[in-house]
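Asks: Structure provided below as structure tokens; questions to follow.
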Amino acid sequence: MKNVRRTGDRGAICAALLLSAALVRPAAAGAQDEVRVVFDRFVAAQNAHDLKAVEGLLLASPEFLWITRGTPIWGTGAALKRFAALYEGTWNLDPEMAALKIVAIGDGVVQLYVPITFTIGASGQPVQATRFLMNQILVKGATGWQVSSILPIPAPGQ
């Protein structure tokens, strides 16, 4: 009896995975272009240490989520405070744009994926280049596309 249940559970899991795969699709060309422009502006603002420009690209919400060094940062205000501290040192993003993928996960919601190298160093300290697999969720609101989460994952071998 126990094996029958496990088989049924596996079947339900497989069905759920197939359904989710069917729902996830490449974003429409217009949305991809718009999101790419927003991501380009995000990288430029980060590299310029332009906190105001970054603020305009983030979803203004306590539900905004950024995972950094294994720590969740909730809310746009907390994220901007953390970015300000990082900007006091070396903070540079270098995405591999040829590998950029943008996938629609719902109406007005996309996931962005791109390998990226962060060059990071506290003020007056040596810098370190680290490769990440950057994942962002962007949502489209009245003012256009905004980043609602930033989820960098250390790349294998880092």
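The values are calculated or read from the model by the stated rules, or taken from the named source; none is laboratory data. This is a predicted model, so every value here is computed, not measured. All Cβ positions, glycine included, derive from the backbone under ideal geometry; neighbour counts span all protein chains shown. Keep in mind that these areas ignore ligands, DNA and RNA; they rest on the heavy atoms of the full protein, side chains included. Shrake-Rupley method; radii C 1.70, N 1.55, O 1.52, S 1.80 Å.
Asks: Write down the Å³ per residue value for the convex hull defined by the alpha carbon atoms of segment 79-133.
Replies: Measuring per residue, one finds 84 Å³ for the Cα hull of segment 79-133.
Asks: Enumerate the calculated ³J(HN,Hα) couplings along segment 41-52 in order (Karplus 6.51 cos²θ - 1.76 cosθ + 1.60, θ = phi - 60°), each rounded to whole Hz, writing x wherever the residue is Gly or Pro.
Replies: Per-residue couplings from phi come out as 5, 4, 5, 4, 5, 4, 5, 8, 6, 8, 4, 5 Hz.
Asks: In addition: In segment 71-149, what percent of the accessible surface is made up of carbon and sulfur (1.4 Å probe, ligands and nucleic acids excluded)?
Replies: Carbon and sulfur atoms account for 55 percent of the accessible area of segment 71-149.
Asks: Next question, about the same structure. Using the Cα atoms as the points, what is the convex hull volume per residue of segment 50-109 in Å³?
Replies: Expressed per residue, the convex hull around the Cα atoms of segment 50-109 is 132 Å³.
Asks: Then there is this: Quick one: which residues, 5 or more positions from ILE105 or on another chain, have an amide H under 5 Å from its amide H? H modelled 1.01 Å from N in the peptide plane, none for Pro or chain starts.
Replies: Amide H to amide H, under 5 Å and 5 or more residues apart or across chains, ILE105 pairs with VAL110, GLN111.
Asks: Against the empirical 2.2 N^0.38 Å scaling, what ratio does the C-alpha Rg of segment 61-155 come to?
Replies: After normalising by residue count via 2.2 N^0.38 Å, the value is 1.14.
Asks: Stretched out fully, how many nm does the piece from TYR113 to GLU55 gain, at 0.36 nm a residue minus the Cα gap?
Replies: 18.8 nm
Asks: Could you sort 120-131, 139-150 so that the peptide with the highest average Cβ count within 10 Å comes first and the rest follow in order?
Replies: Order by mean packing, descending: 139-150, 120-131.
Asks: Please work out the C-alpha center-to-center distance from segment 39-81 to segment 83-107 and express it in whole Å.
Replies: 10
Asks: I'd like to check one number: the per residue accessible area of segment 52-116, probe 1.4 Å, reported in Å² as a whole number.
Replies: 50
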